[in-house]
Amino acid sequence: MSVRRRAAALAITAVLCGAAAPVAVAAPSPSPSSPGLPEGLYGTKDPTYDGVWRQSLSFLAQKIELVTPATKSVDWLVGQQCDSGAFPAYRDASEPCDAKTVADTNATAAAVQAVVELGVHREVVDNGVAWLKSVQNEDGGWGYNPGSPSDANSTGVVAGALARAGVPLADVTKAGGKTPYTALQTFALPCGGQDGGAFAYQPDKKGGLTANADATAAAVLGSMGKGMAAGNYNAVKAPVCTEGTGLTPEQSAQNGASYLAKALAAEGHLELPPMPGAEESAPQPDFGNTADAVVALAASGHKDKAAGAVAYLEKHAQGWAKEGGPAATAQLVLAAHATGTDARDFGGVDLVRQLNATGPAPAATAVPSPTATAPSKPADTSSDDEGLGLWWIIGIGLAFGAGIGFLLSGRRKNQQL
């Protein structure tokens, strides 16, 4: 489970259940009127660890629902990029990036995907792609920060970003011809065992692999070269776990899908792993990872296997999404879209309206929510943000079928989980 998602889960638990939050997330969050909250940023909580991530997920979710974000919101995200092409998790853009600015592969990949889908600022995409390629590890993958060991989550989200930017993943190589696919397959558990087909976050100190559902969802998308805003795909044959070595990326993805299908079938959702040092308690649902698994299954052609999980999220995840803010709400929108579910009536909640309310008023919105069979209505471009609205109208035809959640809302995972 990711550090950022863990922090969000703890913060939400503190509100809903009265649990104590750790120091890392106990600092007061700025209010909408707080001078500490940057103009254009989505959400009202401290953006230190997830500002770029939540902004990017918000844009991805809005774009697939034919919502054009306000220009000042896009400008805020673009302004987070360093001259190197990298994005940090969050920075004060009034000061230039320097040696103390911590570059973040996950934030960069998410921002690249978001800007690609918006269809503006291609220079931001190109600079981000160039930086991501420059920090690729020798094994073909990426770690959370440049130079850190590769992990399945970071490699998956970066692979999706490069693919959405039009970069052939097979051409992104290091010495010996190692590609992102090569790295992802080193995290794959062989078929045959209880967790066969799953992906681990990273090998443990002895080289062992432990199944991780969120890492699996990210690796499935990365292996297929799909982004976090995966499209709505019709169900195909049941996922199969293919044994042997030398598997193709597609076979590895299907292996991961077979694991996720079984994991969701058990309870209809995934569960949070216990917190280190916490007293033993009843398992808690992991709404974020469940949403990611739904997107991965749908993107790999198995949305029928995700139907039960979507129904569970519709019934139980509304409070989590509202308290979790834009990233959590965006994850549900992505899951709804991937399975052809109406995000504007998700268990009686209009997720699109809820997401829009976490940031500046959108430049344009098309209603009702688009479906796989019904044509979308023209966008309302009456907003003052006409420039971005025009780009949105031009790009709708290209972007509607575009493919991540991997949310992934976080990415730095505990390798033992």
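The values are calculated or read from the model by the stated rules, or taken from the named source; none is laboratory data. Remember, predicted model here, so these are calculated numbers, not experimental data. For neighbour counting, all protein chains shown are included, and Cβ atoms are generated from backbone atoms with ideal geometry for every residue, glycine included. Ligands, DNA and RNA are stripped out before the accessible areas are found, and what is left, the full protein with its side chains, is counted by its heavy atoms. Shrake-Rupley method; radii C 1.70, N 1.55, O 1.52, S 1.80 Å.
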Under a point spin-label approximation (7 Å from Cα along Cα-to-Cβ), what is the Arg122-Asp204 distance to one decimal in nm? 4.9
Straight-line reach from Lys237: which lysines have Cα under 21 Å away, leaving out those fewer than 8 places along the same chain? Lys226, Lys262, Lys303, Lys305
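Roughly how many Å² is the accessible area per residue of segment 251-366, as a whole number, for a 1.4 Å probe? The partial results should precede the final answer.
Working: 4220 Å² over 116 residues.
The answer is 36 Å² per residue.
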Would you work out the relative contact order for segment 117-178, in percent, from Cα pairs under 8 angstrom that are 6 or more residues apart? 29
Any idea how far apart Lys100 and Ser148 come out in nm if each label point goes 7 Å out from Cα toward Cβ? 2.0
In whole angstrom, the spacing between the Cα centers of segment 284-347 and segment 137-180 equals 27
Here the FRET efficiency for Glu243 versus Ala311, based on Cβ atoms and R0 = 35 Å and rounded to 0.05, is 0.60
In whole percent, how big is the carbon plus sulfur part of the accessible area of segment 177-277, probe 1.4 Å, protein atoms only? 52
